[in-house]
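Step one of this worksheet: look at the structure below.
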Amino acid sequence: MARYMDAKCRLCRREGEKLFLKGSKCYSDKCAIERRPYAPGMHGQGRRPGRASDYGLQLREKQKVKRIYGLQEKQFRKYFQDADRMQGVTGLNLLHLLESRLDNIVFRMGLASSRTEARQIVRHKHILVNGGVVNIPSARVQVGSRITLAKVAADHLRITASAEAAGQKGIAEWLDVDLQAKQGSFRELPARDQLDSSIREQLIVELYSK
């Protein structure tokens, strides 16, 4: 499957806001968007903000959310189609599907400093879901599922460091997590006010509904 292999900080600069793609670096003075708050490329500094069209706003929002969750267009469109078929509000359904990904749950639990690192942990078979190894980052986690670390990863230094940092920043309210034991459960689907307020999912719905 295709993956974005270029510098991730360019993505934040292109969207004009922090997407928190680089873990602890995003909270330090080394953050690229703090040092160079303009679009990447040789003409980045010369671009004038101006007023974007409705389509431009919708497209940028879709691109932003894709980059936050590390998805390609085909994957993201499939999530939207699934959300559109579900009962309820399509935009919230979309966010629920994205938040239910295993790599995102591992990140939200504080076992990884970024979704990219969480994806690597899952790929290396370090994550157990209800006692069984799952090494597919996109696997959908069901409400009530228990997430634990494999024994071989229990003392992994990067996981330990991520858990310690998460203890200071806080854990998502819709998860039950024991950071000392490095395990937890997916208690419930998050309410909209428990998710990123900067995401305007209605713009994505409008874009794909054309």
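Only the coordinates and a few stated rules stand behind these numbers; no lab work does. No experiment lies behind these values; they were computed from the predicted model shown. Cβ coordinates were reconstructed from backbone atoms using ideal geometry, including for glycine residues, and neighbour counts include every protein chain displayed.
Quick notes
- Hull shadow area, averaged, region 49-108 [alpha-carbon convex hull, nm²]: 5.1
- Listed pairs LYS125/LYS182; LYS62/LYS125; LYS62/LYS210; LYS78/LYS125; LYS74/LYS210; LYS66/LYS125 exceeding 20 Å between Cα atoms: LYS62/LYS125; LYS78/LYS125; LYS66/LYS125
- Three-way shape label, region 53-210, alpha-carbon gyration tensor, a/c 1.5: prolate
- Extended-chain gain in nm, criterion 0.36 nm per residue less alpha-carbon gap, LEU59 and ARG158: 32.1 nm
- Ordering of 117-126, 189-198 by burial proxy (mean other Cβ atoms within 10 Å per residue, highest first): 117-126, 189-198
- Relative to the current alpha-carbon distance between ASP176 and LYS125, full extension at 0.36 nm per residue lengthens the span by 16.2 nm.
- Per the Cα gyration tensor, region 101-186 maps to an equivalent ellipsoid with semi-axes of 16, 14, 12 Å, ordered largest to smallest.
- Mean Cβ neighbour count within 10 Å, used as a protection proxy, ranking 92-105, 70-83 highest first: 92-105, 70-83
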